[in-house]
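These notes are about the structure you will find just below.
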2 protein chains.
Amino acid sequence: MKITLEDIKKAESVVRPYIHHTLLEFSSSCTKAAGFDVLLKFENLQVTGSFKIRGAANKLSHLSEAEKKAGVIAASAGNHAQGVACMAQKLGMKAIIVMPEQSPLIKVVSTRRWGADVVLKGANYDEAYAYALELQKKQGYVFVHPYEDELIMAGQGTIALELYEDDPEIDTVYVAIGGGGLISGVATGLRALNPKVRVIGVQAAGADSMARSFKAKKVELVPQTVSTIADGIAVKKPSAVMYQEFISRLCDDVVTVTDDEIARAIVFLMERAKTVVEGAGAATLAAVMNHKSSIKSKKAAIILGGGNIDLNMVERIIDRGLQVAGRIAKIQLAAPDVPGTLNRLTSLVAEKKANILNINHSRVSDRIGLRETLIEFTLETTGPEQIAEIKKGFQALGLTVIE
Amino acid sequence: MKITLEDIKKAESVVRPYIHHTLLEFSSSCTKAAGFDVLLKFENLQVTGSFKIRGAANKLSHLSEAEKKAGVIAASAGNHAQGVACMAQKLGMKAIIVMPEQSPLIKVVSTRRWGADVVLKGANYDEAYAYALELQKKQGYVFVHPYEDELIMAGQGTIALELYEDDPEIDTVYVAIGGGGLISGVATGLRALNPKVRVIGVQAAGADSMARSFKAKKVELVPQTVSTIADGIAVKKPSAVMYQEFISRLCDDVVTVTDDEIARAIVFLMERAKTVVEGAGAATLAAVMNHKSSIKSKKAAIILGGGNIDLNMVERIIDRGLQVAGRIAKIQLAAPDVPGTLNRLTSLVAEKKANILNINHSRVSDRIGLRETLIEFTLETTGPEQIAEIKKGFQALGLTVIE
């Protein structure tokens, strides 16, 4: 498999009517955190809420009349599903999307909104994928692979043209790697336009085959139990072809970020850039904020790949992100079980100007003495310094801070 | 007091270096909900996260050298604080911001980030305001009023120039009213550019003096106990001058929205537009989505005034939104207080494929018998049907569903 700048330019002329040229904007808050100029590419504001529409638009536009009549099928519980469904609707084709049975309702609803036929089948993505292939053979649909497809990759690569047009001085680009379709397209395009550009791939630590392969300089694509909040890049069975033909040749570095780092990046983007980005989309910023690559940059573009995040997940991430940043603190104390104790504690908290969100008070715990009570505070705080001060205050009152 | 299009044009030339010309974008999801074309004006993406920087930039730029040397003072726990602080830093002036003692930490931190001297004083805005005036007299600072100031209003009015430049066919504009500075500027500018434009003011139902006055066609500005999640427009003592000179003359309608309507608009913007908007900023969209005005429109611009919302508040709003949609359920049960009960309940929940978020278990309640225990489940659910099924299941197990 191979794609060229020409393929991407052709894709561009085909997909332009269907997609936004998304905003590329300098972010002073990210620049401060990174130590070099950071430009954010808002693919979360793309049609369907992610870059996946670019590849789907290119692929579906290239189908023959007979194929268009037959309709398309894809397996996905995420952005690929919406990209394919949206484009099928726009081109007047039938679309069948197979999703795992446990898929979040919001994803099912969003995909159906584009008129697709959603089939819930299988306990996980692999089973849904297998079923989609089965259906495809039986019914003669066209199967649309999420990344191992030259037209899909060229479609995603149109991002490179926009980046170069908006700011030719970009010297580094951070791109998330799931299957590898996005980075293959973007790297091919940008490298052809400016051979000096460095491409840094970002994976979630819980789904890091490509990063491990890159480090080992050979394919290490053992299927793994993926575990990350960045479901958009949680690929269980990565493709050796994608590694050999693209990732290994085009990337200057491939780094990983933890879920905590991703959560913090999501919170940062909500608070400072007022924008909603999903885990896979915020992983790139997490890599920059945590200085994961040793490659130096003057002006980096950070692709925020998508914004389709379940609000239940947003709640948990806000919680986690605020905790990691020291803006919410959970403090467990063993306190003497006598009247007035809680009052002394709350007045200390008030004096230190923290806000109490919740108090749990329990006598049943093996972590405390028989005359003690276990108190857990959840506090709204300004940062780690304030938390340390409050803990010190509790200790000065003669209490044991357990955690 | 009076401002003209000329004042606004002058303001424009002064503030341009300091502010963004913010995005005006057609929203297909809002258009579908409204029934007419909706363009969103993203002032939540403005420098400092709200439109307030426009007025502050104009005001502070017009100070004399002596005044600049003296420094500025303002009372605010919100966007005005950040606007003044940011501009003072950019123009090399000292800024003192007086905030009520109970102000959310995030607002204090954000204001300090711009180098301002934050003084926490008073139990509420009025007390902070009084203290700011006192300090101003003592120290000779320049007091910057949030809206009752021609330069401030002309600054906010620069939004009108951007709206008209980006789409001269806008026939209606929805603007939130707190003190009235924003709508005075925008209405003056737009009306002068296109006399046919209709201006619809939006207030929170819990802080609706201007709406009541508009309806009564006379000043009804009794100070009220304001209560709304839209803290940016929760003005306790509205100004008669602002009503008489501007609101009454420039508005075609003034409508109100409830906190639940605002909360749903915030959730809608997060899920569909991937953007974070505060209560005061989402009130305009809430008015459109709930068809609050009888004025017909073909193409309306909705100003999303700001995005500075506390993430703790976002969590609560998401919670509320998800509960209303049946995606989170709280179920209270009276259960026999014997071993094994909870186990039977959790296995039922698992069988119905709901996800347990929290369980509260208590023996102290007057709503249950002496041999019973009160159990409250918080579940993540797919919708009202699933919740009804789970409740039916509990009842089939012989339990009393209290709520």
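Details
- Restricting attention to region B:196-206, the residues that are within 25 Å of B:Ala160 (Cα to Cα) and assigned to a loop (DSSP other than H, G, I, E, B) add up to 2.
- Filter result for B:Val267 (out of contact with any Ser or Thr (no Cβ under 7 Å at 6 or more places or on another chain), at pLDDT 90 or above, under 18 Å from B:Val38 (Cα atoms) and of a type outside the set (S, T, N, Q)): yes
- Region B:303-349: number of residues that are of a type outside the set (Gly, Ala, Ser) and either within 30 Å of A:Gln323 (Cα to Cα) or within 14 Å of another protein chain (Cβ to nearest Cβ) (or both): 24
- Residue in region A:118-127 that is more than 14 Å from chain B (Cβ to nearest Cβ), over 27 Å from B:Leu322 (Cβ atoms), part of a helix (DSSP H, G or I) and open to solvent by 30 Å² or more (accessible area, probe 1.4 Å) present: yes
- The set of residues in region A:233-291 that are in contact with a Leu (Cβ under 6 Å, 6 or more places away or on another chain) and β-branched (Val, Ile, Thr) comprises A:Thr275, A:Val277.
- Inter-residue pairs, beta-carbon under 7 Å, first more than 20 Å from A:Ser29 (Cα to Cα) and within 14 Å of another protein chain (Cβ to nearest Cβ) and in region B:86-110, second open to solvent by 10 Å² or more (accessible area, probe 1.4 Å) and of a type in the set (Asp, Glu), 6+ apart: B:Pro100/B:Glu127; B:Pro104/B:Asp310
- The residue pairs whose first member lies in region B:267-278 and is more than 8 Å from every other protein chain (Cβ to nearest Cβ) and under 14 Å from B:Asp310 (Cα atoms), whose second member is among the aliphatic types (A, V, I, L, M) and surrounded by 24 or more Cβ atoms within 10 Å (Cβ to Cβ), and whose beta carbons are closer than 7 Å, counting only pairs six or more residues apart or on different chains, are B:Glu278/B:Ile309.
- The residue that is nearest to the other protein chains (Cβ to nearest Cβ), among those in region A:366-383 that are outside any loop (DSSP other than H, G, I, E, B) and among the aliphatic types (A, V, I, L, M), is A:Leu379.
- Options B:Ala56, B:Ala75; residue that is of a type in the set (Gly, Ala, Ser), touching a Cys at 6+ places or on another chain (Cβ under 8 Å) and crowded, with 24+ Cβ neighbours inside 10 Å: B:Ala56
- Take the conditions (1) surrounded by fewer than 17 Cβ atoms within 10 Å (Cβ to Cβ); (2) touching a Phe, Trp or Tyr at 6+ places or on another chain (Cβ under 9 Å); (3) farther than 21 Å from B:Leu105 by Cβ; A:Ala335 misses just one of them, which is (1).
- Odd one out for B:Thr346 among (1) open to solvent by less than 60 Å² (accessible area, probe 1.4 Å); (2) in contact with a helix residue (DSSP H, G or I) (Cβ under 7 Å, 6 or more places away or on another chain); (3) assigned to a helix (DSSP H, G or I): (2)
- Hits in region A:262-281 - residues which are open to solvent by 10 Å² or more (accessible area, probe 1.4 Å), among the hydrophobic types (A, V, I, L, M, F, W, C) and within 16 Å of B:Phe42 (Cβ to Cβ): A:Ala273
- For region B:357-383, the set of residues classified as modelled with pLDDT under 90 and under 20 Å from A:Ser103 (Cα atoms) consists of B:Leu357, B:Glu380, B:Thr381, B:Thr382, B:Gly383, listed by residue number.
- Among the conditions (1) among the aromatic types (Phe, Trp, Tyr); (2) under 24 Å from the mean Cα position of the chain (by Cα); (3) open to solvent by 40 Å² or more (accessible area, probe 1.4 Å), the only one that A:Tyr147 does not satisfy is (3).
- Check on B:Lys292, in contact with a strand residue (DSSP E or B) (Cβ under 8 Å, 6 or more places away or on another chain) and within 14 Å of another protein chain (Cβ to nearest Cβ): no
- Criterion: within 38 Å of the chain's Cα centre (by Cα) and either at positive phi or open to solvent by 50 Å² or more (accessible area, probe 1.4 Å) (or both) - qualifying residue of A:Glu380, A:Glu385: A:Glu385
- Filtered by the rule that a residue be in contact with a strand residue (DSSP E or B) (Cβ under 8 Å, 6 or more places away or on another chain), within 20 Å of A:Val276 (Cβ to Cβ) and open to solvent by 30 Å² or more (accessible area, probe 1.4 Å), region B:9-44 gives B:Leu23, B:Leu24, B:Glu25, B:Phe26.
- Residue check, B:Thr48 in contact with a strand residue (DSSP E or B) (Cβ under 7 Å, 6 or more places away or on another chain) and closer than 30 Å to A:Thr48 by Cα: no
- Of the residues B:Ser248, B:Ser184, B:Ser227, B:Ser213, the single one that is more than 28 Å from A:Gly307 (Cα to Cα), assigned to a helix (DSSP H, G or I), small (Gly, Ala, Ser) and open to solvent by 30 Å² or more (accessible area, probe 1.4 Å) is B:Ser248.
- Checking each residue of region B:289-306 against the condition of being in a helix (DSSP H, G or I) and not β-branched (Val, Ile, Thr) gives at least one match.
- When restricted to residues that are open to solvent by less than 60 Å² (accessible area, probe 1.4 Å), touching a Lys or Arg at 6+ places or on another chain (Cβ under 7 Å) and not in a loop (DSSP other than H, G, I, E, B), region A:388-403 contains 3.
- Residues in region B:351-364 that are within 39 Å of the chain's Cα centre (by Cα), more than 10 Å from chain A (Cβ to nearest Cβ) and closer than 30 Å to B:Glu271 by Cβ: B:Lys352, B:Ala354, B:Ile356, B:Asn358, B:Ile359, B:Asn360.
The values are calculated or read from the model by the stated rules, or taken from the named source; none is laboratory data. Worth saying up front: this structure is predicted, and the values here are computed from it rather than measured. Reconstructed Cβ throughout: ideal geometry from the backbone, glycine too, with neighbour counts over all protein chains shown. Please note that ligands, DNA and RNA were not included when accessible areas were found on the heavy atoms of the full protein model with its side chains. Shrake-Rupley method; radii C 1.70, N 1.55, O 1.52, S 1.80 Å.
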